[in-house]
Amino acid sequence: MYGEWLFTAFLLVFGKINCHRIIKDKCATDVANKVANLITEIRSECTLTPPDDLDFRPSDCGDLKKAEHKSGVYKIYPDRTSSFQVFCDMENYEGGWTVIQKRTNGYVGFYRDWEAYKDGFGDLQTDFWLGNKYLNKLTEQGYYILRIDMWDFAKNQKYAIYEKFIVNNERSGYKLEVAGYVGNAGDALSYHNGYRFSTKDKDSTSRKCATKCNGGWWYRGCHYANLNGNYLKGTHRTSGEGINWKPWKGYYYSLKATRMMIRRA
């Protein structure tokens, strides 16, 4: 049935064929309405939603985990009023994780301006940056744990956990507060503790690190971690321009994939 209506709609729109020649007892308005309803059905299947309970407004993926939801895109309400969509990882490491950054293939460029990093960009199902204003909304609720997973092109995996992760408001320059490292990747992010976020058009460093390192990050002078740098596929010639994690692979190796996600402590 779906295929019939989609085919009819295609002919109507692109072939400019009169509706009465295709379905004698149906008008163009009827066809258009059915196609619109079908699109709504498809979208509802692609985006997961919480139960039909107006009082249930999850503040993060941890709340959805308690309600036994599976991994997917959900709408959350950190301040109980306004909302935004996030990807929830309910499968790895006991679940309940709100994914804030993901890189897998280089199709999404991360060398962007302040507003892009503020609002977020990319596709929540694949590669993206959630958005600094949303990181602030989430982490101002209380203490959050940050987990970073990273992979090289030889399929080796390392991780870094920080038992405290806070992104302050825009007035502070989205200043980073991070502490309590545990993991096997080496502690790179503590080097950036207390520093403001920088982008190519709003750089808080004297060395113009965002431009030099081709990304947006809490640059210092310039970095030990550069997870939003260029996607350079392994070994590269220029120091510090790739997806680098200094303690593990140094400044001349760009990682294949990264994932940053947070959960209440």
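No lab work stands behind these numbers, since they all come straight from the coordinates. Remember, predicted model here, so these are calculated numbers, not experimental data. Cβ atoms come from the backbone with ideal geometry, glycine included; neighbour counts cover every protein chain shown.
Points to keep in mind about this one:
- Straight-line cross-link reach from Lys200 at under 16 Å between alpha-carbon atoms covers these lysines, not counting any fewer than eight positions away in the same chain: Lys118, Lys208, Lys212.
- Label-point separation, Asp55 to Asn184 (7 Å along Cα→Cβ), nm: 4.6
- Nonlocal amide H pairs with Ile100, under 5 Å, H built at 1.01 Å: Met260, Met261, Ile262
- Loop-located trypsin sites (Lys or Arg not before Pro) in the range 71-117 whose Cβ has at most 10 other Cβ within 10 Å (DSSP): Arg80
- With a cut-off of 13 Å on the backbone N, the residues of the range 232-265 near the modelled label site 7 Å out from Arg207 along Cα-Cβ are 239-241, 251.
- A simple spin-label model places the labels of Glu163 and Asp79 3.1 nm from each other, with each point 7 Å out along Cα-to-Cβ.
- Note on Glu115 and Thr238: the model spin-label points, each 7 Å out from Cα along the C-beta direction, lie 2.6 nm apart.
- Annotation for the range 76-144: GluC sites (Glu not before Pro) lying in DSSP loop with at most 14 further Cβ atoms inside 10 Å of their Cβ are Glu91, Glu140.
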